[in-house]
Amino acid sequence: MDVRTHMSMVFHLDKCIGCHTCSVACKNIWTDRKGAEYMWWNNVETRPGTGYPTQWENQEHFRGGWEMKKGKLNLKLHTRLEGLFKLFYNPSLPGLRDYYEPFTFDYKNLFNSPKKDVQPIAEPISMITGDPIDIETGPNWDDDLGGSNIYAKNDPNLEGLPQEVREQMNELERLVFNYLPRICNHCLNPACVAACPSGAIYKRDEDGVVLVNENDCRAWRMCVAACPYKKVYYNWNTGKSEKCILCFPRMETGQAPACAHSCVGRIRYMGVLLYDADQIPHAANVPDDELIAAHREMILDPFDPKVIAAAKENGIGDDWIESAQNSPAYKFVKEWEIALPLHPEFRTMVMMYYIPPLSPVVSVTERSLFRLDLMQEDYDFELFDRLDAARLPIKYLANLFSAGDEGTIRTVLRKLLAVRIYMRRKTVHGKVDSISRKTLAEAGLTEEQAIDMYKMTTLPKMEERFVFPNYHREMSIEAMLDPLTHKGEVGLGYIQQPKRGE
Amino acid sequence: MDWNLFFFVVFPYISLTLFVVVTTYRLIYRPFTQSSLSSQLLERRQLYWGSIPFHHGVVWILLLHLLALVFPKALLLWNAVPLRLYLLEISGFALGLWALVGVVVLLWRRITVPYIQAVTTRMDIVVLILTLVSMITGVLTASLYRFGSTWFTGVFTPYLWSVFLFQPRPELVISLPWIIQLHLINNFALLAIFPFSRLVHILSWPLDYLIRPWQLVVGVRDRKATK
């Protein structure tokens, strides 16, 4: 057992209101620069939809992630030798058109325009060339199902859904969508790291953040193509790759990453997960239907004395172990088993998790009136026994979060529903009856767990949502520099301007 | 002023000094500025027709030049059989033409595509023009003054070694046709601007990618050492 620590985030999708505050917070801090205008390290997609960059999940086109062939795991992008031959031109690299051309408006014209009979206008101009452009698309062009005939219809996750279900999803009374906020998943088996010919991308040992060393980056761009989530971006101005850094400077000073901190719906949780690095090769290399079980197996119980001993053996401090014990991520991922990795079939072993959304119940038309497609008598137990009455097909969620396995999604949704039913009895009816207890038991939860889940979902305080250990940066500086020398310096000393080379 | 002395003794030493000193400085102290500065994100169709022919052509051409410089005898032995000589000459000529086509496409792309103009510096144009001159004079030399792979070893190999060993013998190249002389001078010019241009990316050979482990983990502190 090789115990290591990871900072993980959990997204509670039921709480996401799609306000894009996370995206804007991230953009303002990190990507509001020349060459980075088109990047959204954090973006929020409407699902069903094609996402950003368009159709990023279509790996037949973009060739991201890993594939298992004859029991061996290989990059879908290239073999090592192929990688070197593709240095000069990488056919799988997304082009700017796959994202969008960043634009602004020619505001100067509003002030400098000569006197005319008509009001001057601010024409849209490209942020790359400065020339006037016709804006054809942008980030979230398909927000809230806008243009769903082009976007939602071509969602790769509709794969495997019967044609009639697909068509029903376009009917007004069945329309449904949810939001999917995405950042870099800081994978345990990152394809970007494996694809980089220069070896410029690495995973930080202490918290698992995947970073690009821009001093080593030579713009071969393999990382951009290899990441199945398309969360590494190429800065066309500096000629270096960039990606989400999980706001590590904030985490090191005890603050949550900007996206999580600014979240209006408070959907994001963060905490330490302990995992067994020895199990990664196995967990990444099992058949699709065993991926989630193997992934959960790899996450270790921070209360287990054997795990604690092994963690200490690996130099993990008491405060990190304690932090792992209080981690909300551990509760959602391992204890309650309701948080799932996004697209586990890409086999990069993501460390950011999603709690799938409960969707509204299907309505049917009866004498031209709409009514919920559920029996009146067990109204309260709505979907519990009839998850298929939900508007969002289970198969769709399964394609997103469990490599197509509907059983996993059903288990999670039943847990969420059971807690809802139980708490409604408790707070609305004033007492819990045997039938809601039975529902809870059927979903595999105890009453204590249900109350914990309810509290963590609806009423968590800031310090319960974000549990950060002390990074002890002062000690790591000691390891590299004489503290007395460092005393006279500011920050990390002199760092060169990130200026494009000639 | 003796132009021959300038072009075949002074200028080579100026460019070699710049190449060695400034490149070393840049590799060590300015690592951020090293990048292939790919523009594939912005424009890919013309890049495909330019970058692939140019790079795959020029890499082999450079290797053949290096071979003639380091192992002249081996090259002469290979050329001793006429069939092998023709094979080498024809493939070298074809590779040169291929690279020439590539560099023309790249220059055209850089001048005409607005997205590429947005990331073009004056040095980029200088590099492309010098490369174009190098390709044209090289291809002309190969077609007008045949069997370069053989006479190179008698002319350029001793001349270049004489320069490297600080006993320059300009007399070896003074009487060459002007196209070949231009080829030589132009390539010393390329060496001179090498450290000041995007050409430094030539020194990035990510060959360790073939053997390194897939995953890289870096800790602020050595975890095993601080146990």
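Amide H to amide H under 5 Å from A:ALA36: which residues, 5+ apart in sequence or cross-chain, H placed 1.01 Å off N in plane?
none
About the Cα centre of the protein assembly as shown, what is the dipole size in debye to 20, counting +1 per Lys and Arg Cβ and -1 per Asp and Glu Cβ, all else neutral?
With only Lys, Arg, Asp and Glu charged at Cβ, the dipole is about 1680 debye.
Restricting everything to alpha-carbon atoms, can you work out Rg to Rh for the stretch A:1-110 with a Kirkwood hydrodynamic radius? Intermediate results must be reported in sequence, preceding the final value.
Numbers: Rg = 18.7 Å, Rh = 17.9 Å.
Expressed as Rg/Rh, it is 1.05.
Which of the residue pairs A:LYS27/A:LYS499; A:LYS153/A:LYS395; A:LYS243/A:LYS334 have a Cα-Cα distance greater than 25 Å in the structure shown?
Pairs exceeding 25 Å: A:LYS243/A:LYS334.
At 7 Å along Cα-to-Cβ for each site, give me the label-to-label distance between A:LEU484 and A:ARG424 in nm.
7.0
Relative contact order for the stretch B:3-210 using alpha-carbon pairs under 8 Å, separation at least 6, rounded to a whole percent?
36
Just need log10 I(q)/I(0) for the stretch B:3-210 at q = 0.10, 0.14, 0.16 Å⁻¹, Debye formula, equal scatterers on the alpha-carbon atoms, no solvent, rounded to two decimals.
-0.48, -0.95, -1.22
Could you tell me how many cubic angstrom of Cα convex hull volume chain A has per residue?
So the per-residue hull volume is 204 Å³.
Given springs between every Cα pair under 10 Å in a Gaussian network model of chain B, which of B:GLY138, B:GLY148, B:GLY96 has the largest fluctuation?
Per the Cα network of chain B with a 10 Å cutoff, B:GLY148 tops the list.
Can you tell me which lysines have their Cα less than 17 Å from the Cα of A:LYS312? Leave out same-chain residues fewer than eight positions away.
A:LYS312 reaches B:LYS224, B:LYS227.
Of A:CYS217, A:CYS227, how do they rank once you tally other Cβ atoms within 10 Å and put the fewest first?
A:CYS217, A:CYS227
What FRET efficiency, computed as 1/(1 + (r/R0)^6) with R0 = 30 Å and r the Cβ-Cβ distance, is obtained for A:ARG97 and B:ILE202, rounded to the nearest 0.05?
Efficiency at R0 = 30 Å is approximately 0.50.
I need the calculated FRET efficiency for the pair B:TYR145 and B:PHE6, taking r as the beta carbon distance and R₀ as 35 Å, to the nearest 0.05.
The pair B:TYR145/B:PHE6 has a calculated efficiency of 0.90.
Per the helix-only calculation at 222 nm, which mean residue ellipticity applies to chain B, given -39500 (n - 2.57) for every DSSP H run of n ≥ 4 and division by its residues, nearest 500 deg cm²/dmol?
Helix contribution divided over all residues of chain B: -21500 deg cm²/dmol.
Per-residue ellipticity at 222 nm for chain A, helices alone: DSSP H runs ≥ 4 residues times -39500 (n - 2.57), over residue total, nearest 500 deg cm²/dmol?
-7000 deg cm²/dmol
At 20 angstrom or more along the helix axis (alpha-carbon based) and mean Kyte-Doolittle of 1.6 or higher, what helices does chain B contain? Whole DSSP H runs only.
Working: long enough: B:11-29 (26 Å, 1.35); B:45-70 (38 Å, 1.11); B:82-112 (45 Å, 1.35); B:122-144 (33 Å, 1.86); B:148-164 (21 Å, 0.67); B:178-193 (22 Å, 1.56).
Membrane-span-like by this rule: B:122-144.
Take A:THR79 and B:TYR29, extend 7 Å from each Cα along the Cα→Cβ direction, and tell me the distance between the two endpoints in nm.
Rounded to a tenth, the inter-label distance reads 4.4 nm.
Report, in listed order, any pair from A:LYS203/A:LYS230; A:LYS15/A:LYS230; A:LYS34/A:LYS76 with a Cα-Cα distance greater than 21 Å.
Beyond 21 Å between Cα atoms: A:LYS15/A:LYS230; A:LYS34/A:LYS76.
The numbers here are math on the coordinates, done by the rules we state, and not lab data. All of these numbers come straight from a predicted model, not from anything done at the bench. Here the Cβ is made from the backbone with ideal geometry for all residues, glycine too, and neighbour counts use every protein chain on show.
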